[in-house]
1. Has the stretch 7-26 got any residue that is open to solvent by less than 10 Å² (accessible area, probe 1.4 Å), under 17 Å from Phe228 (Cβ atoms), touching an Asp or Glu at 6+ places or on another chain (Cβ under 8 Å) and not in a loop (DSSP other than H, G, I, E, B)?
2. Taking the condition assigned to a helix (DSSP H, G or I), hydrophobic (A, V, I, L, M, F, W, C), within 17 Å of the chain's Cα centre (by Cα) and at pLDDT 95 or above, does Ala254 pass?
3. Can you tell me which of (1) open to solvent by 30 Å² or more (accessible area, probe 1.4 Å); (2) at pLDDT 95 or above is the one Asp197 doesn't meet?
4. Step by step: first the residues of the stretch 295-352, then only those that are among the small types (Gly, Ala, Ser), in contact (Cβ under 8 Å) with a residue 12 or more places away in the chain and in a helix (DSSP H, G or I), then the one that is nearest to Trp198 (Cα to Cα). Which residue is that?
5. Kindly evaluate Met58 against the criterion of being under 30 Å from Gly329 (Cβ atoms), aliphatic (A, V, I, L, M), in contact with a Ser or Thr (Cβ under 9 Å, 6 or more places away or on another chain) and part of a helix (DSSP H, G or I).
6. Just need a number here: residues in the stretch 66-99 that are among the charged types (D, E, K, R) and under 14 Å from Leu7 (Cβ atoms).
7. I'm trying to understand the selection: among the residues of the stretch 184-217, which are touching a helix residue (DSSP H, G or I) at 6+ places or on another chain (Cβ under 8 Å), part of a loop (DSSP other than H, G, I, E, B) and more than 20 Å from Val42 (Cα to Cα)?
8. Please determine whether any residue of the stretch 232-246 is assigned to a helix (DSSP H, G or I), under 23 Å from Val39 (Cα atoms) and aromatic (Phe, Trp, Tyr).
Amino acid sequence: MRVGLHLGYQNMHGEPDVKTFMQETQFAVEAEAMGFDFVGPVEHHFTDYAACPDPFQMLAWVAAKTEKIELITAAVILPWNNPLRVVEQFIELDILSGGRVIAGMGRGAARREFRSFNVELGDSREVFDEAAMIVINGIETGIVEADGKWFQIPRTEVRPRPFKSFKDRTVMVSMSPSSVEVAADYGLKTLRFSQGDWRKAIPEINQYRASFEEKHHKTAPPFIISDFMLCFEDKKRVTEYCDKYFARMFETVANHYEFMSDHFKSLPSYATYAYMGERAEAAGGADKAYRDYIGGNMIGTPEELVEHHLERASMVGDYEMLCNFSFGGLPYELVYEQAKLFADKVMPKLKG
């Protein structure tokens, strides 16, 4: 089992932006010594929800200070970016890092981010699907050409050219039935976020695996699960930090994506987000959604996290884990403490 480090969700909450961002970036460098297989920053903008607007820049800095850890954009949001520029950025970063890039792509879900980029949230499915194919072909061949509904690009040969294939190094965030179908069509690995009871996601996971095998005549790769984590030896500390920092993070997530708004109900491709709101509404508020959210992520002592992993794997099968230890303003001495404990006591058992 491969285990990675997810970055960029260390909410500001009054902390100096520069200090927080640099601590997060340095954490990415130290992940290599801790034994993580890959590291991936997010792309988010304009609010305290996250602290990384450009994953390529962060990863270029990390690449210069590391030797072997793989670098995943987790993820670059295609509807907010020109696909020709994304092709150039993937290829350039891959060359600078010696071929360590995993090309992770997503389509976004927050109205406030789409609004500021002057892109309609309701168009994201079509825009992503068109842009993703441009990027997939471009990073493989070094040639970009498009004449579609959303992008018109004359035949363009990028420089520098790709120096190795991106096959089996391309990932798509997939949180809805339509997304997993696109991922299977394009032959991409998938990344899913922990957002509640994993039994609810099994139909989509099975759909992806069956479609992938039917279309590509081989077994689908293990998908990636991104988890928010709390890992401490003392159960009382786990409970205390969950009540304080995880609760703060969940509030920021809910506000950023507007889970309680009705707008997702008219967008079938955002079924997961609509479900989050409906579940909270049915329970009479956000508390039930919050409790489900806790249950889906990795929170507990090292022994409990191993058990949680085994229980989840028995339901969803093979997967890779992308761990997020820094969120909700959790002080960095605690971020490092729990990450090191996880690396020492949990990760060897996951990999074993």
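1. Yes, that holds for at least one residue.
2. no
3. Asp197 satisfies every listed condition except (2).
4. The extreme case among them is Gly296.
5. Spelling it out, Met58 is indeed under 30 Å from Gly329 (Cβ atoms), aliphatic (A, V, I, L, M), in contact with a Ser or Thr (Cβ under 9 Å, 6 or more places away or on another chain) and part of a helix (DSSP H, G or I).
6. Residues that pass the stated criteria total 1.
7. Correct list: Gly187, Gly196, Asp197.
8. Going through the stretch 232-246, the residues assigned to a helix (DSSP H, G or I) turn out to be 235-246.
Retained after the next criterion (residues that are under 23 Å from Val39 (Cα atoms)): 245-246.
Now restrict to residues that are aromatic (Phe, Trp, Tyr): 245-246.
For the stretch 232-246, residues assigned to a helix (DSSP H, G or I), under 23 Å from Val39 (Cα atoms) and aromatic (Phe, Trp, Tyr): present.
The values are calculated or read from the model by the stated rules, or taken from the named source; none is laboratory data. Since the model is a prediction, treat every value here as computed from it, not as a measurement. Heads up, the Cβs are rebuilt from the backbone with ideal geometry, glycines too, and the neighbour counts pull from every protein chain shown. Ligands, DNA and RNA are excluded from the accessible area calculation, which covers all protein heavy atoms including side chains. Shrake-Rupley method; radii C 1.70, N 1.55, O 1.52, S 1.80 Å.
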